[in-house]
Amino acid sequence: MLCKTRCGHFATRSYADAHGGLCRKCHSNFASLVELEKRYGEDALVEYWYSAILTNLPESKEEMKCFISHLIDFYQQKLIEIPSKQRYIKKMLYMLQSVLEPSDMETLR
Ligand SMILES: [Zn+2]
């Protein structure tokens with residue numbers, strides 16, 4: 001039986017429970033972001049989101065929205081857990097907020 005996941009999609013309850021409340025697709029997105037960070041460092045991840053903002057999300061926007069708000073929750077939690085990474089995490093949160101509300105980017109140009 002399918003349930004609504006934290007990312008706003010659907011997955012089996014057991015899958016969502018085992019994968020942080022995410023559906024299959026979002027969990028694989030999430031895993032590749034974690035992998036990117038691990039392999040190429042934090043700057044690479046910031047650049048990834050920056051280019052996502054500039055290209056205005058090629059993927060279906062509505063579908064990404066829930067996933068991004070999940071990421072925002074994730075980083076807000078990290079901000080509490082790892083205060084030493086505050087600068088990086090705040091930058092990530094800013095990037096993610098900008099993906100959700102691209103109009104804010106106007107002020108940066
Ligand atoms: Zn999802």
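Taking Cα pairs under 8 Å and at least six residues apart, what relative contact order does the chain come out at, in percent? Intermediate results must be reported in sequence, preceding the final value.
On the way: 90 pairs, mean separation 23.6, N = 109.
For the chain, the relative contact order is 22 percent.
How far apart, in nm, are two points set 7 Å out from the Cα along the Cα-to-Cβ line at Arg39 and at Ser69?
In this crude spin-label approximation the distance works out to 3.1 nm.
Heavy atoms only, probe 1.4 Å: what % of the accessible area of the range 2-103 goes to carbon and sulfur, would you let me know?
Values: 3390 of 6210 Å².
Here it works out to 55 percent.
Counting residues in the range 17-103 as N, plug N into 2.2 N^0.38 Å and put the Cα Rg over that result.
1.05
Among 69-76, 82-89, 13-20, what's the highest-first ranking by average C-beta atoms within 10 angstrom per residue? Could the numbers behind the result be given before it?
Values: 69-76: 17.1, 82-89: 12.8, 13-20: 14.5.
With the highest mean Cβ count within 10 Å placed first, the list reads 69-76, 13-20, 82-89.
In square angstrom, what is the accessible area per residue of the range 2-103 with a 1.4 angstrom probe?
Working: 6210 Å² over 102 residues.
Heavy-atom SASA per residue in the range 2-103 reads 61 Å².
Need one value: the accessible area of Leu96 in square angstrom, 1.4 angstrom probe, rounded to the nearest 10.
Number for this one is 0 Å².
The values are calculated or read from the model by the stated rules, or taken from the named source; none is laboratory data. Fair warning: this is a prediction, and the values are worked out from it, not measured in the lab. We place every Cβ from the backbone using ideal geometry, glycine too, and count neighbours over all the protein chains shown. To get the accessible areas, we keep the full protein, side chains included, count just its heavy atoms, and leave off ligands, DNA and RNA. Shrake-Rupley method; radii C 1.70, N 1.55, O 1.52, S 1.80 Å.
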